[in-house]
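The values are calculated or read from the model by the stated rules, or taken from the named source; none is laboratory data. Source: prediction; values computed, not measured. As a convention, Cβ positions derive from the backbone with ideal geometry for all residues, glycine included, and neighbour counts pool all protein chains shown.
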Amino acid sequence: MNETVFTYAAPALKFGAGASAEVGHDLAAFGARRVLLVTDPGVAATGHPARIAEGITARGLEVTTYAEARVEPTDESLGRAVEFGRDAGPFDAIVAVGGGSSIDTAKAVNLLVTNPGELMDYINAPVGRAQPPAHALLPLVAIPTTTGTGSESTTICVLDVLSLKVKTGISHPALRPRLAVVDPTLTMTQPAMVTAAAGMDILCHALESYTARWFADFDAKRPEQRVPYCGANPIADMWSERALALLAGAFRAAVRDGSDALAREQMALAATFAGLGFGNAGVHIPHANAYPIAGRVREFRPEGYPPDEPIVPHGMAVSLTAPEAFRFTFDAAPERHLRAAALLDPDAGAGPDVLPGVLAALMRDVGLPGGLAQVGYGEADVDDLVAGALQQQRLLATAPKPVTDEDLAGIIRRSMENW
């Protein structure tokens, strides 16, 4: 019997210039008195977290700041953040200010200051034990300063497990923020390459959720079996289509001129809309591939990111196999692939090469690497990358057609040089 039910959930949302100045009021309405603010050193340097903390204290609340979140979190960095939260607490609420890394760090802290155990207890299987939280989490307010990850809308916390050289995550509805505060003015300091990589994350969120397996094609579930990623559905489709339309007009402009306030606002809206879509429908092959691409990086250091450690930023990692992934999935839903291509480029045309071509042109225009080889991978890495992607069964299950290890190897090989 096939599924007949889909689910949809989202945080409360406050959007617009100056929205971040109202967080103290929102926290007071939750009954909070002691607040933990989580951010990273780069975002802290912009002054945004300090200004937001001042606004919270002006409402009579006490704020403790943890400013050591790591860009692309690891089990070690999250462990340090959790230890800080446990030692400095108790708290009544948590505020995350930053990109997906800061928001995901705050999610992990929230989980483990309110529940017993360690990270591996909650990390998705087969890497971890996928244990659900036993106790309620604190209210989490997520304030993104980058336009891309959608973490302010989702139930996901992504991290690298260093000893296994694998990127994985924690997924549970309890991790979803209580409130997302999207203030486009906070993104004006985002470097061009960060805008490009994060923008590709928005794009792939929208494309993957739009082309995901239709919810009614899954086997029927009992109520207790329902998961946040339920497959493509009419409500998620609406958000994804609108995100793609906004990206078509704003993405190149935001990368070209970071001071373009209208482009920044449209990118922030696109990120929010895509998050509201994929946070319920799910993502699939490009994101599954991105985890080992980011987790096994050796020397690559992109402009605009901290130079002290090699990194393939998440949005960049997602984009590198996206053209070939969508060439592979085309025959599962041709009309959706063509509709998505037309939203991005009305003159795109028809056929299985159209969406990959639109993506490659956009990646070129915003300055992203043209393939896996340009971030340090080669033929000798294919087996390891496939093995890492195969660990992301939660994501691959949402693909619109079955994906074998041979299919993944072909996608990865063809992605060594996209142009």
**Study point:** Set PRO286, PRO292, PRO302: member being in contact (Cβ under 8 Å) with a residue 40 or more places away in the chain, farther than 29 Å from PHE15 by Cα, assigned to a helix (DSSP H, G or I) and in the same structural domain as LEU390 (by TED's automatic domain parsing)
**Key:** PRO292
Exercise for review: Tell me which residues, restricted to the stretch 138-185, are hydroxyl-bearing (Ser, Thr, Tyr) and either on the phi > 0 side of the Ramachandran plot or assigned to a loop (DSSP other than H, G, I, E, B) (or both).
Suggested key: THR145, THR146, THR147, THR149, SER151, SER153, THR154, THR155
**Study point:** Test: ALA271 is in a helix (DSSP H, G or I), under 25 Å from VAL109 (Cα atoms), assigned by TED's automatic domain parsing to the domain that holds SER319 and modelled with pLDDT under 95
**Key:** yes
Check your understanding: Given the conditions (1) farther than 18 Å from ILE156 by Cβ; (2) free of Cβ contacts under 8 Å to residues at least 60 places away in the same chain; (3) surrounded by 21 or more Cβ atoms within 10 Å (Cβ to Cβ), which single one is not true for ALA268?
Key -> (2)
**Study point:** Residues of the stretch 306-351 satisfying the condition of being more than 30 Å from ASP160 (Cβ to Cβ) and charged (D, E, K, R)
**Key:** ASP331, GLU335, ARG336, ARG339, ASP345, ASP347
Check your understanding: Do the conditions hold for ASP219, that is, is it of a type outside the set (Ser, Thr, Tyr) and surrounded by fewer than 15 Cβ atoms within 10 Å (Cβ to Cβ)?
Key -> yes
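Could you check how many residues of the stretch 7-20 are among the aromatic types (Phe, Trp, Tyr) and in contact with a strand residue (DSSP E or B) (Cβ under 9 Å, 6 or more places away or on another chain)? Quick ask: steps written out before the conclusion?
To start, the set of residues in the stretch 7-20 that are among the aromatic types (Phe, Trp, Tyr) comprises 8, 15.
From what is left, the residues that are in contact with a strand residue (DSSP E or B) (Cβ under 9 Å, 6 or more places away or on another chain) are 15.
Going through the stretch 7-20 one residue at a time, the tally reaches 1.
Within the stretch 329-348, identify whether any single residue is within 20 Å of ASP383 (Cα to Cα) and either hydrophobic (A, V, I, L, M, F, W, C) or assigned to a helix (DSSP H, G or I) (or both), and answer yes or no. Explain how you work it out, then say what you get.
Going residue by residue through the stretch 329-348, those that are within 20 Å of ASP383 (Cα to Cα) are none.
So far as the stretch 329-348 goes, no, none of its residues is within 20 Å of ASP383 (Cα to Cα) and either hydrophobic (A, V, I, L, M, F, W, C) or assigned to a helix (DSSP H, G or I) (or both).
Which of the following residues is in contact with a strand residue (DSSP E or B) (Cβ under 6 Å, 6 or more places away or on another chain) and either of a type in the set (S, T, N, Q) or over 28 Å from PRO139 (Cα atoms) (or both): SER171, SER163? Explain how you work it out, then say what you get.
On the way: SER163 fails: in contact with a strand residue (DSSP E or B) (Cβ under 6 Å, 6 or more places away or on another chain).
So the residue among SER171, SER163 that is in contact with a strand residue (DSSP E or B) (Cβ under 6 Å, 6 or more places away or on another chain) and either of a type in the set (S, T, N, Q) or over 28 Å from PRO139 (Cα atoms) (or both) is SER171.
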Point to revise | Top-ranked residue in the stretch 1-37 [being touching a Phe, Trp or Tyr at 6+ places or on another chain (Cβ under 8 Å) and charged (D, E, K, R); ranked as farthest from THR185 (Cα to Cα)] | key: GLU3
Review point. What do you reckon, is PRO352 in contact with a His (Cβ under 9 Å, 6 or more places away or on another chain), touching a residue at least 24 places away in the same chain (Cβ under 8 Å), farther than 18 Å from LEU244 by Cβ and assigned to a loop (DSSP other than H, G, I, E, B)?
Key: yes
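Report, by residue number, each residue of the stretch 22-52 that is over 25 Å from TYR305 (Cβ atoms) and either among the polar types (S, T, N, Q) or free of Cβ contacts under 8 Å to residues at least 40 places away in the same chain (or both). If you could, list the steps in order and put the result at the bottom.
Quick first cut of the stretch 22-52, residues over 25 Å from TYR305 (Cβ atoms) only: 22-36.
Once the filter is applied, which keeps residues that are over 25 Å from TYR305 (Cβ atoms) and either among the polar types (S, T, N, Q) or free of Cβ contacts under 8 Å to residues at least 40 places away in the same chain (or both), the stretch 22-52 yields GLY24, HIS25, ALA28, ALA29.
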Revision key, fill the gap. Exactly one of ASP347, ASP383, ASP405, ASP365 is more than 18 Å from GLU208 (Cβ to Cβ), free of Cβ contacts under 8 Å to residues at least 12 places away in the same chain and either surrounded by fewer than 15 Cβ atoms within 10 Å (Cβ to Cβ) or not acidic (Asp, Glu) (or both), and that residue is ASP347
Study note, to complete from the structure: Taking the stretch 51-80 and keeping only residues that are more than 14 Å from VAL23 (Cβ to Cβ) and of a type in the set (Val, Ile, Thr), one is left with THR64, VAL71, THR74
